[in-house]
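The values are calculated or read from the model by the stated rules, or taken from the named source; none is laboratory data. Computed from a predicted structure; not experimentally measured. Quick reminder, even Gly has a Cβ in these numbers, built from the backbone with ideal geometry, and neighbours come from all protein chains shown. Side chains are part of the model used for accessible areas, which takes the heavy atoms of the whole protein and leaves out ligands, DNA and RNA. Shrake-Rupley method; radii C 1.70, N 1.55, O 1.52, S 1.80 Å.
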2 protein chains.
Amino acid sequence: MKKIILLIVFTGMLSKWSYTQSSLSSKYDLMPWPKEIKENSAKFIINSDITISTNTENSKRVRNAAISFLRRLSNRTGVFLKEGFPLKNKKGSIHIAFDSISDLNIKTDESYTLKIEDSIIEISAKTDIGAIRGLQTLLQLTKHNASEYFFPGVTITDTPRFVWRGLMIDASRHFQPVNVIKRNLDAMASVKMNVFHWHLTDDQGFRIESKVYPKLQELASDGLYYTQEQIKDVVDYANHLGIRVIPEIDVPGHASAILTAYPELGSKTGYNYTIERYSGIFDPTLNPTKDITYEFLENLFKEVTRLFPDEYFHIGGDENEGKHWNENQDIQTFKQKHKLKTNHDLQTYFNIKLEKILNALGKKLMGWDEIMTPDMPTTAVIHSWRGKNEGLPDGGSLITAAKKGYQTVLSNGYYIDRMLSVEHHYTVDPIGDIQLTNKERSRILGGEATMWSELVTPQTIDSRIWPRTAAISERFWSAKTVNDIENMKKRLRTVSFNLEELGLTHIKNRAVILRGMTNNQDIASLITLANICEPLKVYQRNKGGIEYKTYSPFNLFADACVVDAKDALEFNHAVSSYVEGSNHEDQIISYLRLWSKNHDRFSQLQKNPKITPLNTLSENISEGSNRLLKAIQSKHISKENIAAIKNLITILNSPVADVEVAIINALNKLVTFCQTHFYKNNN
Amino acid sequence: MKKIILLIVFTGMLSKWSYTQSSLSSKYDLMPWPKEIKENSAKFIINSDITISTNTENSKRVRNAAISFLRRLSNRTGVFLKEGFPLKNKKGSIHIAFDSISDLNIKTDESYTLKIEDSIIEISAKTDIGAIRGLQTLLQLTKHNASEYFFPGVTITDTPRFVWRGLMIDASRHFQPVNVIKRNLDAMASVKMNVFHWHLTDDQGFRIESKVYPKLQELASDGLYYTQEQIKDVVDYANHLGIRVIPEIDVPGHASAILTAYPELGSKTGYNYTIERYSGIFDPTLNPTKDITYEFLENLFKEVTRLFPDEYFHIGGDENEGKHWNENQDIQTFKQKHKLKTNHDLQTYFNIKLEKILNALGKKLMGWDEIMTPDMPTTAVIHSWRGKNEGLPDGGSLITAAKKGYQTVLSNGYYIDRMLSVEHHYTVDPIGDIQLTNKERSRILGGEATMWSELVTPQTIDSRIWPRTAAISERFWSAKTVNDIENMKKRLRTVSFNLEELGLTHIKNRAVILRGMTNNQDIASLITLANICEPLKVYQRNKGGIEYKTYSPFNLFADACVVDAKDALEFNHAVSSYVEGSNHEDQIISYLRLWSKNHDRFSQLQKNPKITPLNTLSENISEGSNRLLKAIQSKHISKENIAAIKNLITILNSPVADVEVAIINALNKLVTFCQTHFYKNNN
């Protein structure tokens, strides 16, 4: 009986909540969606008199955030503000109050309330971090009509679902300069992410200046590394945005760069260690049986941990296949002597030693889920990257880790370098329907989107991270029930556009690449193609890791294309509706007409070796579109035409120039529909 | 007699040379145009086997330049290179040889020869700086056909006309982060500029971290300053590109920021010194009669000169009107005591003291031309910024300085913040037709484009510097006789486009601004307008310096517009030809049709306060174009139509939203033409 009442109450709350989201989230493009939002009838007009104040001037975070807020607001609205800085000793029309300054750690309270009335806006929070989260929400609420910009009257109470909402950037495979990192930190802060995981070392380069082991940057970075000053600057910058920075030094595998500088630490004597130019998993591995290895790591960690105040420290630990261990007789002898049966046992031996080093430095060891071996202490933090696709049970290593007593963070499902749709990532919930005890639940810290950089450069990385990562941030911040995909996509369009304010290049660099491809000719026909093509997914591009080297060109057509290709999304949606009887014919015809005429325009381009590979693709899309267009317009299709269209679709279904055409399914649906409805046997 | 023969020989050489430029410069988009270029029949195909080598591995400049060359070549052509780095101990298909490594100073030899044959390219130079200049030329020679990229067979012998080819960036009025500076250094190097003059202090902010006087950055920078590490990094980066860096600390005027931090150095006691938010010339001035002023400057210069290895050091010295000096009785008494009649005399007293401090630090004092007073030693370097417009005789302060015995550098005529056409700057020759002795000539070191930043932000600064500065660089590098404006404009289009490779934002940020203005609507109608509008010129924008504050929005329509508006240039050219009887009617009709239809598209935009001010402009352009279009197409115009068009032109001739319409003269010509040719009195 009690249970039934509870169920009714719960369902009632849920549906009421869902109703609120669906009605308000069609009005406000907030992301991540807040915990609670209530409307009132107020309207706060944005004019030159706006001022901002804080209850105390002792948080540089809030001061910086307030200044940045004023700049962005002024730029967004064109309003010339009289006061460009927070008021001193006076209350502004926007007032921020908070109780304490946060140390910025995993326990930081990020909650806030935001109340907008006609002439006053109040943001209040327990900590300065909560306050700056509230400011981001306020900025997202900017609305306008023809004559003015304003903030709508709402009261928001907000707090995150998970404490760890991260983005990992791999700066090893392709180095990413400080300004790339900073603009991505700004973007993260704008969607309330709070962990930047910096993958700083790998086979392709060691990216930290070491004063103790300078050969690391001298011999193993191609001159592309962060100085210690730059690292401090980035950490400080992130701190002011309320973002913790976790460094990763990936060991004992992924060690080609380290061993290029210090081959004596390697597991294979006489091996010619060099900076890796290809992608993949490689054999060079630190030797876990030598004292000098631990001496090296202890000194290095001592140096590096001084740059990163956060308690967590990532040691990688992934994808070590132990080939060089097997090939080294001394290591085999060592294993026998220490009763280490497998290479996994040997790696656990290594990891436990590292954990002691890190603990002595006041740090918690974090590693990819391979470190979760039976003997690994539960003081380690498990970064779950493997799941169902890697043959693990439902919940993957994340749930296993939480149940075993480890703190854990999820990245399985958030590998944005796999070039999967935003919908795919958004529907991955860290916990899903799995039942956990409170204790187990508390060990699931959150998740991280991972931007591995084998195929991205500073020019393209933003378009691979954004806007999809904003939707992932919502998954980490907002309630599990915030899951309406179409609504998310609508809000994401605004969020994506607003990221340009911060200098993100995910939109503007497409045209740069296409201008480059055409030697500065009219790029309209290539934009039309790019709007229905997507880069190959799940590592089909660069098969075997040997098609591209780190210094190969990454400004090709595939690099101008993005996941969730704009026109493809709309067309696919229209076709699905159309074949189910809904009236989307006009939209379909309009797209087919655009594509049928596109090859004429493409043909006018003076050709060069970068454009030529697209010629057949362009031609086939135009021909297929033209044939379908005629069939739909005339409500008539011939047998020959059906065959011809199907043949074209088959050809289009093969990747060209590292892209796939993202309207194949819709074209198939359309030709089937035409065949069913417009084909008369007697023709 | 001898004279006549010489004249004939000279004329013959000149016309031959001119012929060579005109024929080859229509084929090759080199900028700056080299001293000598000869074609041969070779063709060097760019394929994956290309390698690069150097005669010695001891120049990091050449190594970096070679790697950068390979990356850009690969990106530009899409060719996947097998070797991404210079070969060691093997000769590559591109071979670079040089004799010595330059100290990088004013005497550095920058000459080089470049020889392209079928399968080998040789660059040879006296110094490594010459070698990297040659590599830039080679990259500019990249050509292609439908199936391949190649370098055409040429032999180039090249050397600059002036040793000082600079760009000044003002980082005080609007702070410009390190990445903005670095990408502009890359751009400078690509057109062989060799001096970066960094204007680091002014009323609006002190931008250098001082460890001796930390209040400078703490109280006088709004947190926007370069750390000493960042400055060293920039200087090092520039050095590798063969660019000297000259710092400027502007004293005794332009001192609001310094005096905000250290008011005790000011000339007016009790004055409330604050960071200046407006633009203009302000009163705060260092007190030249106090010992602490010189103590401060000596310590500061000691600290700053350690960051800048170059021999030259800029002390500003401009625009001190001495108002606070006049208002200070102690200063007046000091003047009398030291027999200093005028404030100029007092400033000379100050400058001479500074010169001694700088000389002791091994530096040459450089200052704006106000420092050239009768008593100023000729060891100072005069930076000429005033000329005819400022009431000076022909040749301005530059020629006067050279004749008086000063080394001198010209910026008069190269103030790119005045928003004048590229043609205007290109036709300013530092020496012109003035006769100088060899000695006088040798004192004219060269020139500098000056990017004052009152009205530019990191988002817009590139579009204010480029591409015009590339043409100015040609003026400084190439022969005076390289002066064909249409040909320069043709080459400049390619140079401008290629600057995008380096991350320059002058092209791509226009769309960002317009997307922001429209809240992410279709920006086509605004692009059409922007292509015929230019930002107000010669400081008409921000009249009196009080319309905009430093924190006002600079992402308005005017900021999306650029000098030399693309469509305006073409249209104006077509109209000039048309009214003189040449057949450009189709082109004119095509533009008029575009503009006549544009307001329909503009009208579809959902309005907001940023777009609304453009409504009348858009409407009038469409209406005027439509009326002219009909007249030209029908070869008929009525009296009423003439009056209506003239009225519209009058309205369009008034600035709107800080832009001017750049086709006014052409429209006037057209309506006059129509009146003359198509108006029949009896209608």
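For this structure, a couple of remarks:
- Bridging of A:K232 to aspartates and glutamates at a Cα separation below 13 Å is possible for A:E209, A:E303, A:D310, B:E229, once same-chain residues fewer than 8 apart are set aside.
- Dividing the summed helix terms, -39500 (n - 2.57) for each DSSP H run of n ≥ 4, by the number of residues in chain B produces a 222 nm estimate of -13000 deg cm²/dmol to the nearest 500.
- Shielded by partner chains, region B:588-632 residues - at least 20 Å² of accessible area, 1.4 Å probe, vs chain alone: B:Q606, B:K607, B:N608, B:P609, B:K610
- Options A:Q204, A:F175, A:V235, ranked by Cα towards positive dipole end of region A:171-256, top entry (Cβ charges): A:V235
- When the alpha-carbon atoms of region B:64-222 are used, the pair Rg, Dmax equals 19.8, 61 angstrom.
- Where a label projected 7 Å from the Cα of A:S23 along Cα→Cβ would reach, residues of region A:481-518 with amide N under 19 Å: A:482-484, A:487-488
- Karplus-derived 3J(HN,Hα) values for region A:278-294, using 6.51 cos²θ - 1.76 cosθ + 1.60 with θ = phi - 60°, are 9, 10, x, 10, 10, 7, x, 9, 5, 8, x, 9, 9, 4, 4, 4, 6 Hz; glycine and proline are entered as x.
- In order along region A:358-367, the Karplus-derived 3J(HN,Hα) couplings, from 6.51 cos²θ - 1.76 cosθ + 1.60 at θ = phi - 60°, round to 5, 4, 4, 8, x, 10, 8, 7, 10, x Hz, and Gly and Pro are given as x.
- Relative to the other identical copies, A:I527 shows label-point distances of 0.4 nm, where the label point lies 7 Å from Cα along the Cβ direction and values run shortest first.
- For chain A: relative contact order, % (alpha-carbon pairs under 8 angstrom, 6 or more apart): 11 percent
- Drop in accessible area of at least 50 Å² in the complex versus isolated chain, residues of region A:57-88, 1.4 Å probe: A:N75, A:F80, A:F85
- Taking all C-alpha pairs of region B:262-419, those more than 21 Å from each other amount to 52 percent.
- B:M168 long-range amide H proximity, modeled H, under 5 Å: B:H197, B:A449, B:T450, B:M451
- Mean Cβ neighbour count within 10 Å, used as a protection proxy, ranking B:65-72, B:456-463 highest first: B:456-463, B:65-72
- Think of region A:476-537 as having a plus end and a minus end, set by charges on the Cβ of Lys, Arg, Asp and Glu; of A:T505, A:T518, A:T528, A:T505 sits farthest toward the positive end of this dipole.
- The residues of region B:135-159 occluded by other protein chains by 40 Å² or more of accessible area, set against the chain on its own, are B:H144, B:A146, B:Y149; surface from heavy atoms, 1.4 Å probe.
- Annotation: A:M517 carries an accessible surface of approximately 0 Å², with a 1.4 Å probe and no ligand, DNA or RNA atoms counted.
- Entry comment: accessible area of region B:547-683 is 46 Å² per residue, from protein heavy atoms only and a probe of 1.4 Å.
- Under Karplus coefficients 6.51, -1.76 and 1.60, residue-wise ³J(HN,Hα) of region B:508-523 in Hz, glycine/proline x: 6, 6, 4, 5, 4, 5, 6, 4, x, 4, 9, 6, 6, 8, 5, 9
- Estimated buried accessible area (total), pair A and B, 1.4 Å, Å² to nearest 100: 3900 Å²
- With DNA, RNA and ligands ignored, accessible area of B:D522 (1.4 Å probe; Å², nearest 10): 80 Å²
- Nm distances between copies for A:K215, ranked from closest, using label points 7 Å along Cα→Cβ: 5.0
- Distant-in-sequence amide H partners of B:F282 (H built 1.01 Å from N, under 5 Å): B:H254
- Region B:608-683-region A:377-451 distance, computed between alpha-carbon centres (Å): 65 Å
- For the set A:E209, A:E117, the ranking by accessible area, highest first and with no ligand, DNA or RNA atoms included, is A:E117, A:E209 under a 1.4 Å probe.
- Each residue was assigned an accessible area with a 1.4 Å probe, and for B:T333 the value is about 70 Å².
- In a reduced charge model with +1 at each Lys and Arg Cβ and -1 at each Asp and Glu Cβ, region A:342-421 shows a dipole moment near 220 debye about its Cα centre.
- Amide H within-cut-off set for B:I637, under 5 Å, with H built and near neighbours excluded: B:Y679, B:K680
- For A:R601, label point 7 Å along C-beta direction: distances to other copies, nm: 1.1
- Label separation (A:R441 vs B:K439): 9.1 nm, computed from points 7 Å beyond Cα along the C-beta direction.
- Neighbourhood charge, 10 Å Cβ-Cβ cut-off, centred on B:S411 and excluding it, Lys, Arg +1 and Asp, Glu -1: -1
- Percentage of interatomic Cα-Cα distances in region A:584-683 larger than 23 Å: 27 percent
- Overall, the accessible surface of the protein assembly as shown at a probe of 1.4 angstrom is composed of carbon and sulfur to the extent of 51 percent.
- Computed magnitude of the charge dipole of chain A (debye, nearest 20; Cβ of K, R +1, Cβ of D, E -1): 1260 debye
- Selected from A:V482, A:S442, A:S421, residue furthest toward positive end of dipole (region A:348-502; charges at beta carbon): A:S442
- Computed about its Cα centre, the charge dipole of region A:185-251 is approximately 240 debye, with only Lys, Arg, Asp and Glu carrying charge at their Cβ.
- P(r) tail for region A:176-292: Cα pairs beyond 18 Å make up 54% of the total.
- Cα pair distances of chain B binned at 20 Å [whole percent]: 17, 45, 32, 6, 0
- Rounded D (µm²/s) - the protein assembly as shown, Kirkwood Rh over Cα pairs, Stokes-Einstein at 25 °C, 0.890 mPa s: 71 µm²/s
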